[in-house]
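For reference, the structure is listed below as structure tokens.
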Amino acid sequence: MRGCLAVGLVIALGCALQGCGGASGTTGGDPGAKPLPAGESCGSIRGELNRLDSKGVPAQVERASGGGKLTPAQRADVDKYNDLLNQYLGARCHV
């Protein structure tokens, strides 16, 4: 069930971020997919996101975005999750 929640979150964020492309008005279109870091794949990033999801990190992301306090370890997990999610969405792994 948590995996479905994570996938739903990824899709919702992807849809929300689609409006951000070309905001300057100069590119006139989609910049395209960003390359993944060396040695990474969509599957490896998805696996790490699933691992963090099973630790309850999405709830910590929500807590942090609401101004809640996190331990340094929780903050590190939240930062890692956000970085991985940006890579996953930027590389268009969700499509």
Exercise for the section: Identify, by number, the condition in (1) surrounded by 15 or more Cβ atoms within 10 Å (Cβ to Cβ); (2) hydroxyl-bearing (S, T, Y); (3) at pLDDT 95 or above that S54 doesn't meet. Expected result: (1)
Handout entry: Tabulated pairs, the stretch 38-62, first more than 15 Å from G90 (Cα to Cα), second among the β-branched types (V, I, T) and not in a loop (DSSP other than H, G, I, E, B), C-beta under 7 angstrom, 6+ apart or interchain
Key = V57/V78; Q60/V78; V61/V78
Practice task
Could you tell me whether T27 is out of contact with any helix residue (DSSP H, G or I) (no Cβ under 6 Å at 6 or more places or on another chain), open to solvent by 50 Å² or more (accessible area, probe 1.4 Å) and at pLDDT 95 or above?
Solution key: no
Problem - Residue selected from the stretch 84-95 under the condition over 12 Å from V61 (Cβ atoms) and of a type outside the set (S, T, N, Q), by the criterion most open to solvent (accessible area, probe 1.4 Å) - result: V95
Exercise for the section: With respect to Q74, determine if the residue is open to solvent by 20 Å² or more (accessible area, probe 1.4 Å), under 29 Å from P31 (Cβ atoms), assigned to a helix (DSSP H, G or I) and not aromatic (F, W, Y). Expected result: no
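The values are calculated or read from the model by the stated rules, or taken from the named source; none is laboratory data. Here the structure is a predicted model, which is why all the values come from computation and not from measurement. With ideal geometry, Cβ positions are generated from the backbone for all residues, glycine too; neighbour counts draw on all protein chains shown. Quick note on the areas: whole protein, heavy atoms, side chains included, nothing else; ligands and nucleic acids left out. Shrake-Rupley method; radii C 1.70, N 1.55, O 1.52, S 1.80 Å.
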